[in-house]
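Below is one structure, written out as structure tokens; the observations come after it.
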Amino acid sequence: RRCVQETDQRRVHGDIAMAEKLARIFGTEEDKVNCPFYYKIGACRHGDRCTRLHNKPLLSQTIIIPHMYENPPAAVAFSEGTKVPEEALKEAVRHFEDFYEEVFIEMCKYGELEEMSVCDNVGDHLMGNVYAKYYREEDAKSALTALNGRYYAGRIIHCEYSPVTDFHVARCRQYDDGTCTRGGYCNYMHLKHVSRTFKKSLFRQMYDDFPEYRRRRGQRMKDMNRRSRSKSKKNHRHSKKSRSRHNSRSKSHSKSHSRSRSKEHNLFKKSSEERRAMIASWAKEDEEKGKAKPEVSANPPEKPLEAEKPNQHQ
């Protein structure tokens, strides 16, 4: 029976270790079952021919509309490193901002948007992809249901849920630094730049058109502040307890030290008879308290002083 129990315990420990390893490598290059690129960016250059699994979420905060935005030729040439006239680049920027504003306003009708991004990549699996992330999953579901089957610029819209929830992981950091050597064919997101003032104006318009989103945002900020305050109070309470514990220890130590010093001082001020009586009383107190009897000094007790003999020569 003991052998069976040890075998079962080893099997359980092995299963736990395997589960921890699978959880650690999920969505990474070490994972030989699930596609890491689809997990990070919601698209894979191999498509359905990929040898790894594409786990499409059943529900998500983020929806993706593949190939919705058509880059102007000037923008495509610029992304590939070709020199483009400045006037053509300005026209491409105006074209993108018009598209971004139109789609952003349409997406706001179904829920409060947290972020919307458009890919600037040239690869077939990322070209023109539009990602819209909502604060609530039910809003993303409403947008997906309403947009599927509609037409934009003469092309049918096909939406799906995306596993991407953190665009900082999905985007190419080298592209943000201007050092990406792969160009538009990079497998990570090259997100089109949206100016901060332009994005702020769109979000302000969203909250003005939909006051209920503003109320949700205010409630969300209150909850965040309440959680942060409770966390800070908990940390402050813990530090206060530790300080009080340390102070009580130091006070008790100082009291005991001062008590022992006062005892020693009183002990040396007394005569030998009084010292022996005092030591006996302390020993009796310790016995009553259940403590060990204190060690008495090893020096033999002093003999009582004899009366001085009269001088014979007097």
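A few remarks follow.
- Which listed residue, of Leu126, Leu53, is at pLDDT below 90 and among the aliphatic types (A, V, I, L, M): Leu53
- Close pairs (6 angstrom Cβ cut-off, 6 or more residues apart or separate chains): free of Cβ contacts under 8 Å to residues at least 24 places away in the same chain and closer than 17 Å to Phe96 by Cβ in the range 115-142, among the small types (Gly, Ala, Ser) and in a strand (DSSP E or B) anywhere: Met116/Ala132
- Within the range 175-196, the set of residues being at pLDDT 85 or above, crowded, with 16+ Cβ neighbours inside 10 Å and under 22 Å from Lys90 (Cβ atoms) comprises Tyr175, His190, Leu191, Lys192, Val194.
- Test: Asn34 is open to solvent by less than 60 Å² (accessible area, probe 1.4 Å), at pLDDT below 90, touching a strand residue (DSSP E or B) at 6+ places or on another chain (Cβ under 7 Å) and not hydroxyl-bearing (Ser, Thr, Tyr): yes
The values are calculated or read from the model by the stated rules, or taken from the named source; none is laboratory data. Predicted model only: the values in this text are computed from it and were never measured. Note that we place each Cβ from the backbone using ideal geometry, even for glycine, and neighbour counts take in every protein chain shown. Note: areas computed on protein heavy atoms with side chains; ligands, DNA, RNA excluded. Shrake-Rupley method; radii C 1.70, N 1.55, O 1.52, S 1.80 Å.
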